[in-house]
Amino acid sequence: MKFPYELIAAKRDGGELKANEIDLLVNEYTAGRIKDYQFAAFLMAVFINGLSEKETAALTGAMLKSGKTITISGLDRPLIDKHSTGGVGDKLSLVIAPLLAECGIAVGMISGRGLGHTGGTLDKLEAIPGMKVFHSSSAFARLLKRHHFAITGQTANIVPADRKIYALRNVTGTVESIPLIVASIMSKKLALKSDGILFDVKTGSGAFMKTRARAIKLAQTLLAVSRAHNLPARAIITQMNQPTGRMIGNFLEIVETVAVLQGGGPPDTIELAVELAAQMLLVAGQKSNLKSARRCVSAILESGQAYENLCRYVADCGGAVRALARPELVIKGIHKRIVKSPADGYLSQDDTARKGFIAASLGAGRLAVNDRINPVAGIELKAKIGDKISRGEPLAVLYAADRTRLRRAVTEYVDAITISETKPTQKRLVIRRIADAKET
């Protein structure tokens, strides 16, 4: 076996490492026997030279083996996972999980918190008063069997290598490396022994993958590693040139989730929820084609059954169900400010990431890991791309506990949009579907 510095040098020079060599690097670093400065050199070598599919799968496996895995026994249906690469206003997991539970599959997710311009599923759930989001393996299994969906946070014994490596990536300029992104995602996803997974890879001004080419490359790499670990998977490339739906912010997105599950809500949120849920039915083998899968999902959505399932789940996790039915009880006392249009015309362009940062500055997100969140802070969109607007007409409503934050955010919000004389061409929400190595 080579010494760690020899392996780092080999990757620096563009060589391909063996699985046992990657195991050594990850194990020794997680145990503290390789120092930060050495592993940082390895990360930069990967960032510059990349990893092959075999190396990426090996890195994923090495990180996975650093902690425990969760196996759910006794489920009467397939267990399917979902991963989104992150976006602004993306509350789709909260819609899809209780919806698919009524469609004959179970949905289990190990989710995270938001950081920067994107929101986190755990933060959204925690915005419901009393809601518990961290569950032991046994409690997680109980929730899955009872409600056929469950969402939990990553505990200390699940992929500890990922937490240590990600922290180092964050300070060494190596976060954007696709092989490192994939190993981070897949090590956590494989920690839950599921029967399949759907990847929602976003592209556009509000996504981490700004170009379609990088989004497609990420999706293909995720599918390759899934294949290497014998996990059935599909990927879908979706548009993030503007926020999903009308709400940005934790409890505000719960409000929109409820609206969709009750048969209403914004058309784009509904379209994406139906598409993603239908794809997950295909991953599970419950439906043979996309048309019948969409039909099944739409029927459940219109029935309101998924909303009742969400209410039962929230109650079981200690959450206040009345907050779902009467959101004004939670939102009361928050300060609001209306952002008005500075001109006549069409809303033609959105700096979506900037809107995410504005929401974070209002208290809805974290600009640093230890920042505290205000669960009711955020933005309600009154106009979206393609809408005709008049001077003085509301563009958005801002929510914050601090009036000073509101004053600053109004100007920033206006700067984050473009108003034009001509109506823009609407972009498709679903850009590409990839079923393993095939596109649909």
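The values are calculated or read from the model by the stated rules, or taken from the named source; none is laboratory data. Nothing here was measured: the structure is a model prediction, and the numbers come from that model. Counting neighbours? That spans all protein chains shown, and the Cβs are built from the backbone with ideal geometry, glycine included. SASA here: full protein model, heavy atoms, side chains in, ligands and nucleic acids out. Shrake-Rupley method; radii C 1.70, N 1.55, O 1.52, S 1.80 Å.
See the values below:
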{"item": "0 to 90° range, to nearest 10: angle between helix 53-64 axis and the chain longest Cα axis", "result": "80"}
{"item": "Three-way shape call for the range 274-358 based on the alpha-carbon gyration tensor, with the a/c threshold at 1.5", "result": "oblate"}
{"item": "Solvent-accessible area, 1.4 Å probe, carbon plus sulfur percent, for the chain", "result": "50"}
{"item": "Dipole in debye (nearest 20) - the range 373-440, about Cα centre, beta carbon charges: Lys, Arg +1; Asp, Glu -1", "result": "120"}
{"item": "Arg12/Val430 FRET efficiency (R0 35 Å; Cβ-Cβ; nearest 0.05)", "result": "0.30"}
{"item": "Local net charge near Leu7, Cβ-Cβ under 13 Å (Lys/Arg +1, Asp/Glu -1)", "result": "-3"}
{"item": "Dipole moment magnitude, nearest 20 debye, the chain about Cα centre, only Lys, Arg, Asp, Glu C-beta charged", "result": "280"}
{"item": "Rough spin-label spacing in nm, given labels placed 7 Å along Cα→Cβ, for Val171 and Lys210", "result": "2.6"}
{"item": "Length gained when the stretch Ala320-Thr422 is fully extended (0.36 nm per residue, less Cα-Cα span)", "result": "32.1 nm"}
{"item": "Mean separation of Cα contacts under 8 Å (6+ apart) over length of the chain, as relative contact order %", "result": "19"}
{"item": "Segments 166-173, 411-418, 186-193 sorted - mean Cβ within 10 Å per residue, highest first", "result": "186-193, 411-418, 166-173"}
{"item": "Selection from Leu261, Gly333, Tyr307 lying farthest towards where the dipole of the range 261-358 points positive, charges on Cβ", "result": "Gly333"}
{"item": "The range 46-111: projected area of the alpha-carbon convex hull, averaged over directions, in nm²", "result": "6.9"}
{"item": "Simple label model, 7 Å out from Cα along Cβ direction - Asn289 to Lys132, nm", "result": "4.6"}
{"item": "Within the chain, percent of DSSP bridges classed antiparallel, to nearest 5", "result": "55"}
{"item": "Under 5 Å, built H, 5+ apart or other chain: amide partners of Lys202", "result": "Thr85, Gly86, Thr238"}
{"item": "Cβ crowding within 10 Å averaged over residues, with 314-321, 69-76 ranked highest first", "result": "314-321, 69-76"}
{"item": "Between helix 92-101 and the chain: long-axis angle, C-alpha atoms, 0 to 90°, nearest 10", "result": "80"}
{"item": "Between 0 and 90°, nearest 10: helix 403-415 axis offset from the chain longest Cα axis", "result": "80"}
{"item": "Long-range Cα-Cα pairs in the range 203-358 (distance over 19 Å), rounded percent", "result": "68"}
{"item": "Percentage, to the nearest whole number, of Cα pairs in the range 354-439 over 14 Å apart", "result": "71"}
{"item": "Estimated dipole of the range 282-333 in Debye, rounded to 20 [Cβ of Lys and Arg +1, of Asp and Glu -1, Cα centre]", "result": "180"}
{"item": "Cβ-defined net charge surrounding Ile105, 9 Å radius [Lys, Arg +1; Asp, Glu -1]", "result": "0"}
{"item": "The range 165-222-the range 378-425 distance, computed between alpha-carbon centres (Å)", "result": "30"}
{"item": "Whether the range 296-440 is rounded, prolate or oblate, judged on the alpha carbon gyration tensor where a/c under 1.5 counts as rounded", "result": "oblate"}
{"item": "Mean separation of Cα contacts under 8 Å (6+ apart) over length of the range 270-374, as relative contact order %", "result": "10"}
{"item": "Cross-link table Lys132/Lys188; Lys11/Lys164; Lys164/Lys193; Lys132/Lys384; Lys355/Lys427; Lys124/Lys210, entries beyond 31 Å C-alpha to C-alpha", "result": "Lys132/Lys384"}
{"item": "Highest-first arrangement of 357-366, 145-154, 391-400, where packing means the average Cβ count within 10 Å", "result": "357-366, 145-154, 391-400"}
{"item": "Formal net charge of residues neighbouring Val133 (Cβ-Cβ distance under 13 Å; K, R +1; D, E -1)", "result": "0"}
{"item": "Enclosed volume per residue, in Å³, of the convex hull spanned by Cα atoms of the chain", "result": "138"}
{"item": "Options Ile72, Ala58, Gly86, ranked by Cα towards positive dipole end of the range 22-90, top entry (Cβ charges)", "result": "Ile72"}
{"item": "Among Val430, Tyr413, Ile385 - extreme Cα towards positive end, dipole of the range 374-440, charges at beta-carbon", "result": "Val430"}
